[in-house]
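All remarks here apply to the structure that follows.
The values are calculated or read from the model by the stated rules, or taken from the named source; none is laboratory data. Quick caveat: nothing in here was measured; it's all calculated off a predicted structure. Backbone-built Cβ (ideal geometry, glycine too); neighbour counts: all protein chains shown. For the accessible areas, the whole protein counts, side chains as well, though only heavy atoms, and no ligand, DNA or RNA atoms are used. Shrake-Rupley method; radii C 1.70, N 1.55, O 1.52, S 1.80 Å.
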Amino acid sequence: MQKLLLAEFSPLAFIAATPSGVKTLQPLCEDNSLNIWIPESLREISGTQVYSTPLKNHIANLWETHHAFVFCLATGAVVRLIAPLLQHKSIDPAVVVIDEEGRYVISLCSGHQGGGDRLARLIALQLGATPILTGAANVSGLPPVDLLGMPFGWRRGEGNWTGVSAVVASSGKVHVIQDAGSTLWQNNLPDGHPFEFEESTNVQAQIFITPHTFGHKHCTPTPSPLLPTVTWHPRVLWVGIGCERGTSRLVIETAIQEVFREHQLAEAAIAGIATIDIKADEVGLLELCRERNLPLKTFAGDVLKSVSVPNPSSVVQKEVGTPSVAEAAGLCASLELSHTQEEGKLVVPKQIFRLPGEVGAVTVAVAQAEKEYIGRSGKILLVGIGPGQLSQMTPAAQMAVSGADAVIGYGLYIDLIAPILRPGQIVEALPITQERQRAQRAIELAEWGLNVAVVSSGDCGIYGMAGLVLEELQNKNWDGKTPSIEVLPGITALQAAAARVGTPLMHDFCAISLSDLLTPWEIIEKRLQAAAMADFVTALYNPRSQTRTQQLVIARDIFLKYRDINTPVAVVRSAYREDEQVMITTLEKLLDAPVDMLTTVLIGNQSTRTHGNWIITPRGYLGRGNG
Ligand code: SAH
């Protein structure tokens, strides 16, 4: 199972108690340096490590440090093992149980916040098993309330999470008051979802998505204190800091806390700290950022100077060459991610702060960005989904799609993979003519921090989207690392078509697309000529559209110069899809066959022959030609 996909669960422990249990878990550990924990009695099995204390103690030892546990044990035994260790769903690790034969994957504990449901789905895809998810949100196809903001790096604030989740589970109306952060999560909600975005009657719960703390004074509509309520905090606030040299972390931190309290802002909504470049080595600032895992953005005085701020200071101008540090740096940082916001939004103008008995002074200002800071670097998964049927898509590709935050592709392909899409996933189906937009959108989302799957039919690297995404990245001077890329191959049309008619590709073959939209026709003709002459079995992709009708005629004429009129030809339309059509004909009669843009044409070589409904290209074992 792929490292990349399991990374979010690391460290992860696999535990089996029988040889068949080890066998079931092994495919999950293959690509990883992960070992399976086994009892002393099974010591001989390779790829395992032995626990010598009783399992109960062993699990207790791993409990605090591990994010997830995957047991191949009876559920009852697992329940007894973990019961004394469980504390709260917000901190417990994910616990997944698999039956010995690997038919069922149960998300037992910490399904939402611990990611157990996600892990169970990924494992089930890999094993071809059924995931068993019993959380209420899974029934309705809704994103769980306590996971809603995870893809965007939002932080959970105060609230009655269980109460709001219960209302969602019972289909009660939930009022969503969102004044910051991405609304992409709203785009793919199922019909009949319980969320109300306008004020409405009979509301039973509230979700606030805001940088403010609950009940702050500017909030409209006024929150009802009687309803179960939760708050998500998108990280939109950039704290601009100016300080005297040597100001301690304590002073800076206290200043930020005071400012946030006074303005009813949530510290969880802090995206990062911004200041002038000469403060890049300020110890107190660096300590604060490290401790709180916040980015520190620094800007040159010249940049800060050009920002218009409400409270410029001539004293500051004299000292560091710009009339504003805190306000200007906060504003600069808040504008960095944004493509649309032209002017910064200062939510707290600068405030100067000292702490009695402590050296130094600090100036704090807070700017709000339009787009939240996710705090992760994104990934692009370039996925080939195969010809159509899900069973022809690799488990790795299925996992990549199911695990992604966002899935982008042409509508027909999205429909084909609908059963493996996850509630709450961002799904963007763009029309077939907008390949560049699709690639750019994927890059934009991944640069922001999302994990994006771009799906193509067949193989994504064969007349698919993968190449375009890499080209666009290259145009943007991509460093080759961020966003990271993984390519997941799929069964391409020529393989799918061949499988339906036998073994036409048994010898040297090539693929040629007859579409001259992106390739000059002279080149296509040259390649057809070369393939025909060199006796390659040839797969024709994009053979004929409503307007491009002559290309196939010319291709056939070229092949007829070198091959017999009776050369077997397969015409396969929509292989492995509902309306599949398979026809075996000859080069002579090719033009009578129904050929369109959903068809692949396979032209045999000089030795290819038919036998009943099958096409055979000899490999040569039985001698040359007809053997
Ligand atoms: N990336 C795809 C090819 C995309 S180009 C792949 O690797 O298969 C589109 C062309 O592929 C179509 O015009 C058709 O020639 C072929 N094609 C794609 N899916 C097909 C299918 N299920 N059956 C037959 N041909 C198919």
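The residues of region 496-527 that are closer than 12 Å to THR538 by Cα, open to solvent by 40 Å² or more (accessible area, probe 1.4 Å) and in a helix (DSSP H, G or I) amount to a single one, ARG527.
Residue count for region 472-495, restricted to those that are in contact (Cβ under 8 Å) with a residue 24 or more places away in the chain and in a loop (DSSP other than H, G, I, E, B): 7. Here the condition is being assigned by TED's automatic domain parsing to the domain that holds GLY344 and in contact with a Lys or Arg (Cβ under 6 Å, 6 or more places away or on another chain); of ALA266, ALA274, it holds for ALA274 alone.
The residues of region 189-209 include none that are of a type in the set (Ser, Thr, Tyr), open to solvent by 80 Å² or more (accessible area, probe 1.4 Å) and closer than 17 Å to THR229 by Cβ. Restricting attention to region 81-103, the residues being touching a strand residue (DSSP E or B) at 6+ places or on another chain (Cβ under 9 Å) and either surrounded by fewer than 16 Cβ atoms within 10 Å (Cβ to Cβ) or hydrophobic (A, V, I, L, M, F, W, C) (or both) number 10. Within region 151-177, being in contact with a Pro (Cβ under 9 Å, 6 or more places away or on another chain) and within 23 Å of GLU447 (Cβ to Cβ) holds for PHE152, GLY153, TRP154, ARG155. The C-beta contact set for region 543-558 (first residue aliphatic (A, V, I, L, M), second residue outside any loop (DSSP other than H, G, I, E, B) and open to solvent by 60 Å² or more (accessible area, probe 1.4 Å), distance under 8 angstrom, 6+ apart or interchain) comprises ILE554/GLU525; ILE558/GLU525.
In region 528-549, the qualifying residues are those that are in a loop (DSSP other than H, G, I, E, B) and within 13 Å of the ligand (Cβ to nearest atom), and the one that is farthest from ILE462 (Cα to Cα) is GLN546. Is it the case that THR617 is under 15 Å from VAL501 (Cβ atoms), within 43 Å of the chain's Cα centre (by Cα) and touching a residue at least 60 places away in the same chain (Cβ under 8 Å)? Against the criterion (under 15 Å from VAL501 (Cβ atoms), within 43 Å of the chain's Cα centre (by Cα) and touching a residue at least 60 places away in the same chain (Cβ under 8 Å)), THR617 qualifies.
Scanning region 561-573 for residues that are open to solvent by 50 Å² or more (accessible area, probe 1.4 Å) and touching a helix residue (DSSP H, G or I) at 6+ places or on another chain (Cβ under 9 Å) turns up LYS561, TYR562. Put simply, of SER52, SER110 the only residue that is in contact with a helix residue (DSSP H, G or I) (Cβ under 8 Å, 6 or more places away or on another chain) and open to solvent by 80 Å² or more (accessible area, probe 1.4 Å) is SER52. Elements of the type strands (runs of 3 or more DSSP E) sitting completely within region 550-627 and holding at least 3 residues that are within 15 Å of the ligand (Cβ to nearest atom) and at pLDDT 95 or above: these cover 568-573, 581-586, 599-603.
Every condition in (1) at pLDDT 95 or above; (2) within 16 Å of the ligand (Cβ to nearest atom) holds for GLU486 except the one numbered (2).
Taken together, the criteria exclude SER165 from residues that are open to solvent by less than 20 Å² (accessible area, probe 1.4 Å) and not assigned by TED's automatic domain parsing to the domain that holds ILE420. From the list LEU25, LEU42, LEU73, the lone residue that is farther than 20 Å from PRO395 by Cα and at pLDDT 90 or above is LEU73. Here GLY321, GLY330, GLY344 are screened, and the one residue that is on the phi < 0 side of the Ramachandran plot, open to solvent by less than 50 Å² (accessible area, probe 1.4 Å) and free of Cβ contacts under 8 Å to residues at least 40 places away in the same chain is GLY344. Only one of the numbered conditions (1) surrounded by 16 or more Cβ atoms within 10 Å (Cβ to Cβ); (2) within 25 Å of TRP154 (Cα to Cα) is not met by PHE353, and that is (2). Checked against the criterion of being among the polar types (S, T, N, Q) and closer than 30 Å to GLY620 by Cα, the candidates THR547, THR585 yield just one match: THR585. For region 129-149, which residues satisfy the criterion of being part of a helix (DSSP H, G or I) and either surrounded by fewer than 21 Cβ atoms within 10 Å (Cβ to Cβ) or in contact with a Cys (Cβ under 8 Å, 6 or more places away or on another chain) (or both)? ALA136, ASN138, VAL139, SER140, listed by residue number.
Of (1) within 16 Å of the ligand (Cβ to nearest atom); (2) within 19 Å of VAL595 (Cβ to Cβ), TRP521 satisfies all except one. Which? That leaves (1) as the condition not met. A Cβ distance below 7 Å, combined with a sequence gap of six or more or placement on separate chains, defines the contacts here; from region 499-523, residues that are within 28 Å of ILE615 (Cβ to Cβ) and not assigned by TED's automatic domain parsing to the domain that holds GLN434 reach residues that are of a type in the set (D, E, K, R) and open to solvent by 30 Å² or more (accessible area, probe 1.4 Å) in the pairs MET506/ARG619; HIS507/ARG619; ILE512/ARG527. Pairs linking a residue in region 204-226 that is at pLDDT below 65 to a residue that is among the polar types (S, T, N, Q), with Cβ atoms under 6 Å and 6 or more positions apart or on different chains, are HIS216/GLN264.
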